[in-house]
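*Asks:* Next up is a structure, given as structure tokens.
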Amino acid sequence: MNHELAFFFQSVLWGVCLLFFYDLLRIGRRLFPRRVLLVSAEDLLYWSLAGVFLFGKMYQANEGSIRAYSVIAVILGMVIYSNSISAKFVSMAVKILGIPIKFLISVEKRLLFAIRQCKILVWKRLRAVKRSLKRGRTVEEKSGNQA
């Protein structure tokens with residue numbers, strides 16, 4: 001009886017862990033938006049790996065048999081986590097991690113602006129040098145033709 005009860009609570013914890021790691025994936029999606037196809041591929045990969053992990057843990061922890069109450073316990077853990085702290089955790093993490101990301105994006109924009117300005121100045125100088133070289137050649141060609 002103690003073993004089944006411990007296995008039940010262990011399964012609840014696995015459900016909480018699975019949804020916690022899925023929340024990390026959701027945080028990444030909110031910070032760095034992706035296309036629907038990539039989101040679908042990520043979900044397929046995540047839940048496939050989660051299923052393999054869960055099957056392995058259940059098989060290992062319960063001497064090779066999968067029990068229905070352990071699957072229910074995993075779902076219960078997911079529901080408890082989802083209804084308690086999941087939404088708050090995701091929103092707070094996005095706010096906290098969004099601050100340095102916004103800062104880095106603004107720094108990147110400023111650097112790109114400065115690089116573009118330097119590029120424009122360099123191209124203007126190169127065109128001026130090219131024009132002056134052409135003028136110098138035309139003057140030399142004209143003086144060479146007269147001699």
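The values are calculated or read from the model by the stated rules, or taken from the named source; none is laboratory data. Owing to the predicted nature of the structure, the values given are computational and were not obtained by experimental measurement. Cβ atoms come from the backbone with ideal geometry, glycine included; neighbour counts cover every protein chain shown.
*Asks:* Inside the stretch 75-91, can you point out the residues that are touching a residue at least 24 places away in the same chain (Cβ under 8 Å), among the hydrophobic types (A, V, I, L, M, F, W, C) and under 13 Å from Arg26 (Cβ atoms)?
*Replies:* If the condition is that a residue be touching a residue at least 24 places away in the same chain (Cβ under 8 Å), among the hydrophobic types (A, V, I, L, M, F, W, C) and under 13 Å from Arg26 (Cβ atoms), then Phe89, Val90 are the ones that fit.
*Asks:* Looking at the structure I just gave you, is Phe20 assigned to a helix (DSSP H, G or I), modelled with pLDDT of 95 or more and surrounded by 13 or more Cβ atoms within 10 Å (Cβ to Cβ)?
*Replies:* Yes; evaluated as a whole, the condition is true for this residue.
For (1) charged (D, E, K, R); (2) farther than 26 Å from Trp14 by Cβ; (3) in contact with a helix residue (DSSP H, G or I) (Cβ under 9 Å, 6 or more places away or on another chain), each residue gets a yes or a no:
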| residue | (1), (2), (3) |
| --- | --- |
| Phe53 | no, no, yes |
| Lys57 | yes, no, yes |
| Ser65 | no, no, yes |
| Asn83 | no, no, no |
| Ser106 | no, yes, no |
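*Asks:* Tell me, yes or no, whether the stretch 1-12 has at least one residue that is β-branched (Val, Ile, Thr) and at pLDDT 90 or above.
*Replies:* Yes, the stretch 1-12 has at least one match.
*Asks:* Next question, about the same structure. Pick out the one residue from Leu38, Leu5 that is closer than 30 Å to Ile96 by Cα and not basic (Lys, Arg).
*Replies:* Answer to the check: Leu38.
*Asks:* So, Phe55, is that one over 13 Å from the mean Cα position of the chain (by Cα), touching a residue at least 40 places away in the same chain (Cβ under 8 Å) and closer than 19 Å to Ile75 by Cβ or not?
*Replies:* Judged against the criteria, Phe55 is not a match.
*Asks:* Out of the stretch 32-56, which residues are surrounded by fewer than 13 Cβ atoms within 10 Å (Cβ to Cβ) and among the aliphatic types (A, V, I, L, M)?
*Replies:* Selection gives Val36, Leu37, Leu38, Ala41, Leu44, Leu45, Leu49, Val52.
*Asks:* Give the stretch 35-63 a look and list any residue that's outside any helix (DSSP H, G or I) and within 19 Å of Leu5 (Cβ to Cβ), or say none.
*Replies:* Asn62, Glu63
*Asks:* Do the conditions hold for Val94, that is, is it in contact (Cβ under 8 Å) with a residue 12 or more places away in the chain, in contact with a Leu (Cβ under 8 Å, 6 or more places away or on another chain) and β-branched (Val, Ile, Thr)?
*Replies:* Here the answer is yes, as Val94 does meet what is asked.
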